[in-house]
Amino acid sequence: MPVDRFDDGVRGAFLTQEDAAAAVNELEEEGFGPEAITVFSPMPTPHLEELLVRGASPVRLFTLIGGFLGTCTGFALTYWTFFAWPLHVGGKPVSSFPVTVVIMFELTVLLGGLFTLAGVFIFSRIPTWGRKPGYHERFSDDLFGVFVHADDDDTQSRARTILDRMGAEGVDDVDR
């Protein structure tokens, strides 16, 4: 179920992690995909994270691109240096590949790490300029929240019915 707009939806509050997990399972059985469900928790809960199976992280592509650029940059930098300031010693060639390996390795690690850090910040949406849709202050204190992203009234009523049936303490519509 593709969701075009992630601002509107239905929010349910649960007292226990097990109740929230059961609601997530029920929502997925009824056809709501992981991209349409957001879970809020007052503490780290790996069990809830495992329920919403997401695809592979795109951060690894940032690492690959950074490492490749680091290798190319190290190679180009050393060869540019060789030919910008040639030093002829004992009839040996001006350039030598083994000398470039250390610089290439160091720049691969440096740019790979910096690109990874940038990817983590980008895909984690750090810094956050606003609250996530469906967030409530009590989700940081003592309640578990399940927010279902839904634009149309039919989807919202289906989600509201499921959350009520699963024992949510409070179910309300969220419109931004």
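Every number in this text was worked out from the coordinates using simple rules, so none of it is lab data. Because the structure is predicted, anything quoted here is derived from the model rather than measured. We place every Cβ from the backbone using ideal geometry, glycine too, and count neighbours over all the protein chains shown.
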**Item:** At most 14 other Cβ within 10 Å, DSSP loop - trypsin sites (Lys or Arg not before Pro), the stretch 1-75
**Value:** ARG5, ARG54
**Message:** Quick check: convex hull of the Cα atoms in the chain, volume per residue, rounded to a whole Å³?
**Reply:** 153
**Asked** So what's the gap between the Cα centers of the stretch 21-65 and the stretch 152-176, to the nearest angstrom?
**Response** 19
**Asked** Relative to the longest principal Cα axis of the chain, at what angle does helix 153-165 sit, 0 to 90 degrees, rounded to 10?
**Response** 70
**Message:** Tell me which chymotrypsin sites (Phe, Trp or Tyr not before Pro) from the stretch 80-176 have a DSSP coil assignment and no more than 12 other beta carbons within 10 Å of their own.
**Reply:** TRP129
**Item:** Using alpha-carbon coordinates, inclination of helix 17-29 to the longest axis of the chain, degrees
**Value:** 90
**Request:** Find, among the GluC sites (Glu not before Pro) in the stretch 1-93, those assigned to loop by DSSP (not H, G, I, E, B) with at most 16 other beta-carbon atoms within 10 angstrom.
**Result:** GLU30
**Request:** Go ahead and estimate [θ] at 222 nm for the chain from helices alone: -39,500 (n - 2.57) per DSSP H run with n ≥ 4, summed, over the residue count, rounded to 500.
**Result:** -16000 deg cm²/dmol
**Asked** To the nearest 10 degrees, how steeply does helix 97-123 sit against the main Cα axis of the chain, on a 0 to 90 scale?
**Response** 20
